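To start, the structure itself, in structure tokens.
The values are calculated or read from the model by the stated rules, or taken from the named source; none is laboratory data. Everything numeric in this text was worked out from a predicted model, so none of it was measured. When we count neighbours, we look across all protein chains shown, and the Cβ atoms used for this are built from the backbone with ideal geometry, even at glycine. Side chains are part of the model used for accessible areas, which takes the heavy atoms of the whole protein and leaves out ligands, DNA and RNA. Shrake-Rupley method; radii C 1.70, N 1.55, O 1.52, S 1.80 Å.
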Amino acid sequence: CALPIYPKIKINVFKARKIDNLFVDSIEVKHQKDYSKNKEPTFGYILTEKNHKVAYIPDGSEIIKKEKIKNLDIFICDGALFKTKWGHCGIEGGIKLYKELKPKLMIFTHVGHYKSHNELEKIVSKFGNIKVAYDGMKIKV
């Protein structure tokens with residue numbers, strides 16, 4: 001696949017790549033319970049620069065190789081639904097991953113319209129350093 005921003009850079013989603021000082025690796029994610037019927041693969045990405053590590057997994061229900069996303073500074077996770085269903089990790093599943101993986105910060109993205117932003121922030125903040133993404137959000141790594 002070619003990135004639209006960098007049309008001359010081709011990335012094999014299974015092969016890690018270094019772009020300037022940024023190391024980019026992919027992580028396979030299951031999107032459906034019956035993974036054998038999923039015709040299109042789903043991936044998240046792990047971005048590492050110096051001592052900082054960020055995982056971006058916006059659309060999936062199960063991470064295949066969790067060992068690849070240990071010791072994260074930031075974990076950007078699927079929050080499309082509140083519960084884990086229809087191929088999405090959801091807020092509840094993300095909180096379980098937060099407890100298991102212990103990233104310094106978790107941010108839910110791909111958030112549905114089932115609760116207001118403020119309601120979701122109140123819910124997720126009870127479990128640790130967890131935020132809900134919003135348009136224009138900036139984070140410091």
Residue under question is K65, and the condition is that it be modelled with pLDDT under 75 and farther than 23 Å from V111 by Cα; does it hold?
no
Within the range 43-60, is even one residue polar (S, T, N, Q), out of contact with any Gly (no Cβ under 7 Å at 6 or more places or on another chain), exposed (fewer than 14 other Cβ atoms within 10 Å of the Cβ) and at pLDDT below 85?
no
Answer residue from the range 21-42, given it is acidic (D, E) and assigned to a strand (DSSP E or B) and is modelled with the highest pLDDT among those
D25
Would you be able to tell me the number of residues in the range 103-136 that are modelled with pLDDT of 90 or more, open to solvent by 40 Å² or more (accessible area, probe 1.4 Å), assigned to a loop (DSSP other than H, G, I, E, B) and within 15 Å of Y56 (Cα to Cα)?
1
